[in-house]
Amino acid sequence: MTENQSLIWDETFPSLLLKGQGTSAFLHGQTTADVFAKKELDRIFMSCWLSTKGSLKAVLEIRLSDDMAEIVIICGEINSIRDGFESVIFPADKVKLEVIDPIRRRQEINNNSSWKESDFSWIDDNNFSLDGITKYRKATKEELEGWKIRQGIPSFGKELNGETNPYELGLADTINLDKGCYLGQEAMAKFFRSKSLKYQLRYWEAYGENDNLQTGKNFFNTNKNEGYKKNVGVVTSSIRVNDNFFNGLALIKKSFLDQDFCFSENGDSITIKKPISFTNPF
């Protein structure tokens with residue numbers, strides 16, 4: 001990368017299209033954003049799709065125009081979302097759902113601020129190229145993966161595992177508790193009232209051995225094998241940066257959130273901190 005050249009997150013995402021008079025009302029009742037308020041702002045906005053128990057099933061970006069909504073699936077499984085939406089669409093809703101061609105999304109990578117606060121664009125021309133634009137360079141797969149880890153962007157099947165909720169994953173800024181009923185709203189309100197979460201997402205980094213820092217491995221509060229050794233949390237994502245340096249994401253138990261370090265099973269020291277884009281839940 002040449003001096004002053006910026007990296008670009010350039011990725012294509014599976015997408016859906018809702019059409020019909022009831023589009024805004026349907027999304028208002030199925031996702032976490034205040035869709036009617038967002039529609040007035042006339043811009044793309046982020047929302048979440050939840051289960052009835054409040055677990056996160058998808059992170060979405062939505063663009064409304066008249067009686068239509070394009071939905072980009074930032075994190076989630078398109079068939080699950082399509083089937084879930086279709087199962088609750090009735091003739092009275094006055095909407096139709098279809099799978100459309102994937103939508104290309106482009107955003108400049110900033111290592112000092114949240115991806116949720118940075119400008120981005122959807123590119124309608126899939127033939128658009130950065131070739132010849134010397135100010136930018138498309139991030140490699142490895143560069144993008146590392147940046148997403150530091151940001152705390154959840155991955156399907158990892159952080160988004162069917163059990164975690166938006167508050168645990170740092171997505172509190174996508175939750176609206178005042179707009180009325182929507183799928184998962186009662187669970188979100190209960191979490192908010194009780195101020196009680198099992199885990200929160202944290203970024204981690206460590207020098208150590210590959211076998212002790214992989215997805216599914218546990219972290220501990222001490223490197224000693226004494227009786228007070230306790231499980232601090234579990235690794236959800238892990239990448240090897242170089243020979244013996246790793247980083248990733250982990251779900252850390254609430255009783256250990258004040259700690260800034262922990263240990264792998266064999267005693268490797270782990271540094272933990274909030275991901276860049278993490279929004280405090282309460």
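Below, the figures for the structure above:
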read-out	value
Test: residue in segment 207-224 that is touching a helix residue (DSSP H, G or I) at 6+ places or on another chain (Cβ under 6 Å) and not acidic (Asp, Glu)	no
Selection within segment 8-52 - at pLDDT 95 or above, more than 13 Å from Ile71 (Cβ to Cβ) and either touching a Ser or Thr at 6+ places or on another chain (Cβ under 8 Å) or hydrophobic (A, V, I, L, M, F, W, C) (or both)	Ile8, Trp9, Ala25, Thr32, Leu50
Criterion (surrounded by fewer than 20 Cβ atoms within 10 Å (Cβ to Cβ) and at pLDDT 95 or above) met by exactly one of Lys195, Lys190, Lys224	Lys190
Residue within segment 94-107 that is crowded, with 20+ Cβ neighbours inside 10 Å and within 21 Å of the chain's Cα centre (by Cα) present	yes
Residues located in segment 243-282, provided they are hydroxyl-bearing (Ser, Thr, Tyr) and either closer than 19 Å to Lys148 by Cα or in the same structural domain as Gly157 (by TED's automatic domain parsing) (or both)	Thr271, Ser277, Thr279
Any hit, segment 42-54, residues being surrounded by fewer than 16 Cβ atoms within 10 Å (Cβ to Cβ), assigned by TED's automatic domain parsing to the domain that holds Glu145 and farther than 27 Å from Gln200 by Cα	yes
Residue within segment 130-138 that is in a strand (DSSP E or B), at negative phi and of a type in the set (Phe, Trp, Tyr) present	yes
Condition check for Ala189: more than 22 Å from Pro166 (Cα to Cα) and either touching a Leu at 6+ places or on another chain (Cβ under 7 Å) or not β-branched (Val, Ile, Thr) (or both)	no
Verdict on Lys57 being charged (D, E, K, R), modelled with pLDDT of 95 or more, closer than 20 Å to Leu169 by Cα and touching a strand residue (DSSP E or B) at 6+ places or on another chain (Cβ under 6 Å)	yes
Where a residue in segment 264-275 is over 10 Å from Phe219 (Cα atoms) and its partner, wherever it lies, is assigned to a loop (DSSP other than H, G, I, E, B) and β-branched (Val, Ile, Thr), with Cβ under 9 Å and at least six apart	Pro275/Ile153
Residues satisfying the stated conditions in segment 147-172, i.e. aromatic (Phe, Trp, Tyr) and over 17 Å from Lys57 (Cβ atoms)	Trp147
Tally of residues being part of a strand (DSSP E or B), touching a Ser or Thr at 6+ places or on another chain (Cβ under 7 Å) and among the charged types (D, E, K, R) across segment 245-282	0
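The values are calculated or read from the model by the stated rules, or taken from the named source; none is laboratory data. The structure displayed is predicted, hence computed values, not measured ones. As a convention, Cβ positions derive from the backbone with ideal geometry for all residues, glycine included, and neighbour counts pool all protein chains shown.
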